[in-house]
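Right, one structure below, let's go through it.
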Amino acid sequence: MPEQTVNRISLITGDITEQHVDAIVNAANPTLLGGGGVDGAIHRAAGPALLEECRKLNGCRTGEVKITSGYRLPARFIIHTVGPVWSDGRSGEDDLLAACYRNSLALAELSGVKSIAFPAISTGMYGFPFKRAARIAVRTIREYISTHPSVENVVFVCHGEEAYHIYREILETDTSEHPETSLAESLTAHLLMIETFHAIRIRNRTEIVKRIAPVVKNSTQALSAGILLNNWVAVSGVTGDVTIPESIILRILEHLKKM
Ligand code: APR
């Protein structure tokens, strides 16, 4: 299948273990000790030294990421992430899957990775509905690379033509038709990153997005709102479940109106 690249995102069919990129992402399990599917393919192709390194990593939690060398693979690195097992769609699966993509990109950027290839995380043994997972993947990656230029190319590696056509249809749906939606998603992505980075949970995250998104005019303003909130979390030293005070929300709204 021909490779298509639009706005730094490429779409191909093939085997992720054969991709000549800086890093490939593995859809692993919490033990990081190998398995079937893409995990099995990567361990077979990388060789036994990969398992030796994985043994020292003490596993990985769902939505989080760990990095290893690529060993016999063309890719220099493997970023291992653990996708959510599909349950009922109301157990936080969407947020956890988005975290896999976002945290993989963040770790890739920290490691100097310029090109990265993803499989369709959680859509095999973990049973995540394919189209729903692909929408989350495309939206999360678009949001991330829109404010992180150092990630030059992201490759979706589809394991079959049906997967390719589903991704292509989603990629061709231009989110600029619904700018307010993508800005609300951008704001949500920033808040989720703050939660992951500070190991907190923002109780009123949805309410904050509902009140701030209509005021935000572009992704720079969404980033600015995220930075202000991140600064408050860092300075206040809050931990665990947190309700962002009304006074802080009002200060962010005031700041955005002056931009
Ligand atoms: N290259 C690209 N994509 C692949 C490859 C490959 N070589 N092999 C499989 N895939 C695709 C599958 O078609 C599926 O769409 O990767 C997607 C993810 O499927 P799984 O590998 O089953 O991963 P996941 O659904 O996240 O389940 C993870 O499976 O392999 C075990 O140890 C792993 O327990 C973990 C679970």
Taking placed amide H atoms and a strict 5 Å upper bound, the residues 5 or more places from N26 or on another chain that come that close are I79, H80, T81
Restricting to aspartates and glutamates and to Cα separations under 19 Å from K217, and discarding same-chain partners fewer than 8 apart, the set is E143, D174, E177, E180, E185, E207, E254
Quick one: putting +1 on the C-beta of Lys and Arg, -1 on the C-beta of Asp and Glu, what dipole do you get for the stretch 139-259 around its Cα centre, in Debye to the nearest 20?
-> 680 debye
From the Cα centre of the stretch 102-117 to that of the stretch 193-241, the distance in Å is 22 Å
May I ask for the net charge around N103, where only other residues with Cβ less than 11 Å from the Cβ of N103 are counted and Lys, Arg are +1 while Asp, Glu are -1?
-> +1
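What number do you get for the chain when its Cα radius of gyration is normalised by 2.2 N^0.38 Å, N = residues? Kindly include the intermediate steps, with their values, before the conclusion.
Working: Rg = 18.6 Å, N = 259, 2.2 N^0.38 = 18.2 Å.
Normalised Rg, Cα atoms only: 1.02.
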Tell me, what ³J(HN,Hα) does each residue in the stretch 76-92 have, in order and in whole Hz, if you take phi through Karplus 6.51 cos²θ - 1.76 cosθ + 1.60 with θ = phi - 60° and put x for Gly and Pro?
-> 5, 10, 10, 9, 8, 9, 10, x, x, 7, 5, 10, 9, x, 10, 10, x
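If you add up the charges near P48, with Lys and Arg at +1 and Asp and Glu at -1, over every other residue whose beta carbon is less than 13 angstrom from its beta carbon, what do you get? Don't skip to the answer; put the middle values down first.
On the way: positive: R44, R55, R72; negative: E52, E53.
My count for the surroundings of P48 gives +1.
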Cross-link reach from K210 to lysines, straight Cα distance under 18 Å and at least 8 residues apart if same chain, gives K257
Tell me the trypsin sites (Lys or Arg not before Pro) within the stretch 57-96 that lie in a loop according to DSSP and have at most 14 other beta-carbon atoms within 10 Å.
-> R61, R72, R90
Give the residue from T173, A213, I244 lying farthest towards the positive end of the charge dipole for the stretch 147-259; charges sit on Cβ (+1 for Lys and Arg, -1 for Asp and Glu) and the dipole is referred to the Cα centre.
-> I244
Proximal charge balance of G34 [Cβ under 11 Å; K/R count +1, D/E count -1] | +1
Using Cα positions and a limit of under 28 Å, work out the lysines in reach of K56, with same-chain residues fewer than 8 apart set aside.
-> K66, K114
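Using helices alone, what [θ] at 222 nm do you get for the chain, with -39,500 (n - 2.57) per DSSP H run of 4 or more residues, divided over all residues and rounded to the nearest 500?
It comes out at -15500 deg cm²/dmol, rounded to the nearest 500.
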Listed residue (F128, C54, I42) projecting farthest to the positive dipole end of the stretch 36-137, Cβ model = I42
Residues whose modelled amide H sits under 5 Å from the amide H of V242, counting only those 5 or more places away in sequence or on another chain, are R201, I202, R203
Under 1.5 on a/c is rounded, so check that first for the stretch 54-196, then, if it is not, pick prolate when a/b is larger than b/c and oblate when it is not; a ≥ b ≥ c are the square roots of the alpha carbon gyration tensor eigenvalues.
-> rounded
May I ask you to give the solvent-accessible area per residue for the chain, in square angstrom, as obtained with a 1.4 angstrom probe?
-> 48 Å²
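The values are calculated or read from the model by the stated rules, or taken from the named source; none is laboratory data. The structure presented is a predicted model; accordingly, all values stated were derived computationally and were not measured. Cβ: placed from backbone, ideal geometry, glycine included. Neighbour counts: every protein chain shown. Only protein heavy atoms, including side chains, enter the accessible area calculation; ligands, DNA and RNA are left aside. Shrake-Rupley method; radii C 1.70, N 1.55, O 1.52, S 1.80 Å.
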